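All remarks here apply to the structure that follows.
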Amino acid sequence: MSGEQVLAVAVIGAAVGLLGGLFGKGGSAIATPLLSLVGIPPISAVASPLPATIPSTLSASYAYWRERLIDWRVVGWSAAVGVPATAAGAYATRWIDGSVLVTVTELIVVALGVKFLLRPGDPHEVAVQPGAYRTRLFVVAAGVGLVSGLLANSGGFLLAPMFVVVLRLSLKQSFASSLAVAAVLAVPGTIVHAALGHIDWSVVAVFGATSIPLSYVGARLAVRTQAVHLERAYGAGLALLGTALLIAGL
């Protein structure tokens with residue numbers, strides 16, 4: 001990498017780490033187009049953020065864990081069901097055209113963003129009964145896993161908002177649990193890409209040097225932010241992200 005690329009990768013790592021910790025997302029899907037934009041080869045831009053995602057999400061998860069915000073039942077089910085569902089979704093791309101699913105997913109992201117922006121902390125929502133909770137948890141884990149496999153990471157944006165809307169977790173619990181799941185789901189991808197020689201370890205080192213500490217900072221900011229303000233910021237971020245993806249796909 002040139003000196004300019006090292007600086008650019010460091011800045012991208014810092015931004016992705018901060019936003020990932022703040023909004024409960026590993027961030028590899030956001031990092032890939034940015035790394036490609038600064039001249040990192042496409043396959044390295046896809047694969048290189050993954051190894052750094054593991055310690056950065058664990059760093060952010062630790063900040064949430066200290067506040068006892070991680071729901072380990074959600075993490076366990078999401079990992080156990082989500083990993084094979086992601087593999088099945090990836091395999092299904094042999095027969096399924098993901099273009100329509102991409103558009104549907106982006107529309108869902110926009111709708112969820114508007115929901116969080118306009119109706120944070122909806123007082124009319126009620127707790128889910130235990131039996132229905134287990135069913136919903138399985139459906140969320142399987143559904144998001146399938147979408148993630150079909151779209152190669154884009155489905156991951158649905159994990160935290162689905163925890164809120166379907167499971168009725170608090171936003172901070174959803175971020176905390178989503179980050180823990182992201183750390184698990186990044187492991188198989190890292191192993192495969194490393195075996196295939198797709199990972200540029202110099203990119204990993206620079207990206208991780210800034211993303212890991214900033215992930216913790218982002219998580220601490222989220223923990224200390226009032227829930228209503230955090231939900232509105234998250235809603236605005238989701239709405240902007242979904243809109244940008246829709247426009248880019250036109």
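Quick note: the coordinates plus some simple rules give every number you see, no bench work behind them. Model, not experiment: these values are computed from the prediction. Glycine also receives a Cβ, built like all others from the backbone with ideal geometry; neighbour counts cover every protein chain displayed.
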Distance between modelled label sites at V192 and Y133, nm, 7 Å Cα→Cβ extension:
3.3 nm
Placing each pseudo-label 7 Å from Cα in the direction of the beta carbon, V166 and R73 end up separated by a distance in nanometres of 1.6 nm
Here segment 233-243 yields Karplus 3J(HN,Hα) values (6.51, -1.76, 1.60; θ = phi - 60°; whole Hz; Gly and Pro given as x) of 5, 5, x, 4, x, 5, 4, 5, 4, x, 5
In whole Å, what is the distance between the alpha-carbon centres of segment 14-80 and segment 199-246?
8 Å
List every residue whose amide H lies under 5 Å from the amide H of S48, counting only residues 5 or more places away in sequence or on a different chain, with H placed 1.01 Å from N in the peptide plane.
D200
